[in-house]
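Since the structure comes first, as structure tokens, the remarks are kept for the end.
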Amino acid sequence: MNAHALARPRPARLAPESSRSSFKLGEAQALALKFDADMRARGFSPRTRDGRMRALAVFLRHLADAGGVERLADVTASHLREYQTAVCARKTRCGTPIVPGTVMNYLVSVRMFFRYLARTGHIFADPSTTMALPRTARRIPRDVPTEREIARMIARVPRTAVGARDRAIIEVLYGSGIRASEVCALTTDDVDLG
């Protein structure tokens, strides 16, 4: 997915620019689209870019709703602290607080966006440099198969061309710990046989 995350109809969308807010939403969205193009050029995956753009849409909605800011160049560290407080108070559809990892994704997306804006000269100073990010617990994966279980799994793979592929997939997953989605995205150009 891509920059269309800003344009998709979603619940609680940003209201069009109106008298209640002087925030220049269209200008901010145009910069967000440039940010998405920059992420694409830097090799970010479509899934990562889509997540960043969705988080950015939440931030832009917050700025438009909060008022007091006309342009992104007017955003201060104080505005970002207010946003951080609002993000931490967000609830899921079920009414439970969002998890720290999700809070982190929202805030990292905003920080990346402001770094991009400063790097490309759209703003003079990056107000996100003082933004404190929440600590997230590093979880150890549950139910990691043992070497014996992996050996049994590999022994069941048929001795065919497709079986050789499946065996390689199992060994890459177990040996490297990368995500299944990353294995699915691998191409022959990603493999160094040298």
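Some notes on this structure:
- Using the Cβ-Cβ distance between R159 and S45 with R0 = 41 Å, the FRET efficiency computed as 1/(1 + (r/R0)^6) comes to roughly 0.75.
- Taking every alpha-carbon pair under 8 Å whose residues sit at least 6 apart, the chain reaches a relative contact order of 17 percent.
- For E70, the accessible area of its heavy atoms, probed at 1.4 Å with every protein chain present, is near 90 square angstrom.
- The charge dipole of the stretch 30-88, taken about the Cα centre with unit charges on the Cβ atoms of Lys, Arg (+1) and Asp, Glu (-1), comes to about 340 debye, rounded to the nearest 20.
- Gaussian network model of the chain, Cα within-10 Å springs - most flexible of P158, P100, P127: P158
- The gain in end-to-end length when the D143 to C94 segment is fully stretched comes to 14.9 nm, 0.36 nm per residue minus the alpha carbon separation.
- Using R0 = 45 Å, the C-beta based FRET efficiency linking R152 and D38 works out to 0.45.
- Magnitude of the charge dipole for the stretch 113-172, about its Cα centre and with charges confined to Cβ atoms of Lys, Arg (+1) and Asp, Glu (-1), is about 140 debye.
- Angle in degrees between helix 161-176 and the longest Cα principal axis of the chain, rounded to the nearest 10: 60
- Placing unit charges on the Cβ atoms only, positive for Lys and Arg and negative for Asp and Glu, gives the chain a dipole magnitude near 560 debye about its Cα centre.
- Order of exposure, largest accessible area first, which applies to H122, H62 with probe 1.4 Å: H122, H62
- The chain: most fluctuating residue of A132, A168, A32 per GNM, C-alpha cutoff 10 Å: A168
- Within a Gaussian network of the chain (alpha carbon springs, distance under 10 Å), most fluctuating of V75, V157, V87: V157
- The distance linking the stretch 77-130 with the stretch 149-183 is 39 Å (Cα centroid to Cα centroid, whole angstrom).
- Over the stretch 83-194, the ratio between the Cα radius of gyration and 2.2 N^0.38 Å evaluates to 1.62.
The values are calculated or read from the model by the stated rules, or taken from the named source; none is laboratory data. Just so you know, these numbers come straight off a predicted model, no measurement behind them. Every residue, glycine among them, receives a Cβ derived from its backbone with ideal geometry; neighbour counts consider all protein chains shown. Quick note on the areas: whole protein, heavy atoms, side chains included, nothing else; ligands and nucleic acids left out. Shrake-Rupley method; radii C 1.70, N 1.55, O 1.52, S 1.80 Å.
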